[in-house]
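Dumping the structure here so I can ask a few things about it.
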Amino acid sequence: MRILTKPLSVALLTALLGLSIACSKRSTQNDDTITNDVQTKVAADPDTKDSTVTVAAKEGKVTLTGKVKTPAAQQKIEQIAREEPGVAAVDDQTAVESAEQAAQPEAPPPPPPQPIIVPAGTTLTVKVGQALSSKTSQTGQTFLATLAQPVSVDGKSAIPAGSTASGTVLTAKAKGKIKGEGELSLALTSVTVRGQTYTIQTSALSSTSKGKGKRTAKTTGGGAAGGALIGGLAGGGKGAAIGALVGAGAGLVGGAATGNQQIEIPVESALSFQLSAPLRLPPPTQQ
């Protein structure tokens, strides 16, 4: 009589495998339930809710990690885990924060960078990029210049040397040969700093030419103490013969006079203007 053992063995193995899978699923589901229940109870308990604890369960063994405020809270969390149905063991790896750690406040965020304010009265010395004259220039004409000297505020670079500036001819009037005075008045209207152009307000530099050998100079605009036309930059320049008027209340000095006393400002002459209103620039990190 022959016994068919092979089909029986296959059936038995299949049954055992199914049972193992079912047990594994039940174990995983039970671990998830334990984890969720313990975390919920720790968060709800007034003695442990301020603790930063992570709960992990595997095959009924619960592992606790993180930080707790007090030893009493640590014991309470372990007790909650041990009393949870289905828990076989508890591995408590939590740490109690020291008193210094608990009392130490969080560092405040760094203050935002502050804009640079170039105050009114600041002198902007520029080198003109073209010749200007009471005879040939026109009222409303614009002219370009470059900053001859850098401007700093509280030790921080505000406007680098070489920055482009733009100005306008406020008044240009040629002097007549017999009568009538010549007049030339200028002001800066904008400056470009690191690629960004800003509108500015400056005092007006004015010069008039009257009779033979007579020339007056003044500064107007906003009550600012005047600027001075400086004859060329150090090292020479086409405007080196202009010279400057120095002293209290000094203003723009008329350019080198021609025979009929026209006011001439050669190219590369240095002119000093004063801001009549503050200039606000972005923080250095945003420029």
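Quick note: the coordinates plus some simple rules give every number you see, no bench work behind them. Since the structure is predicted, the reported quantities are computational estimates derived from the model, not experimental observations. With ideal geometry, Cβ positions are generated from the backbone for all residues, glycine too; neighbour counts draw on all protein chains shown.
Under a Cβ-Cβ cut-off of 15 Å, what is the net charge of the residues other than ILE116 that fall near it, where Lys and Arg count +1 and Asp and Glu count -1?
+2
On to the next question. Pulled fully out, how much extra length does the chain show between ASN30 and ALA89, if you take 0.36 nm times their separation in residues and subtract their Cα-Cα distance?
Working it through step by step, the gained length comes to 19.8 nm.
Now for a different question. Round to the nearest 0.05 the FRET efficiency obtained for VAL96 and THR40 when R0 = 30 Å and r is the Cβ-Cβ distance.
0.85
Can you pull the one-decimal nm distance between simple spin-label points at ARG82 and ASP50, each 7 Å off the Cα toward Cβ?
My value for the distance between the label points is 2.5 nm.
Given R₀ = 22 Å, what would the calculated FRET efficiency be for SER152 paired with GLN196, taking r from the Cβ atoms and rounding to 0.05?
It comes out at approximately 0.75.
So what are the ³J(HN,Hα) numbers for the stretch 80-92, from phi and the Karplus equation (6.51, -1.76, 1.60; θ = phi - 60°), rounded to whole Hz, Gly and Pro as x?
4, 5, 5, 7, 6, x, x, 7, 9, 7, 10, 10, 8
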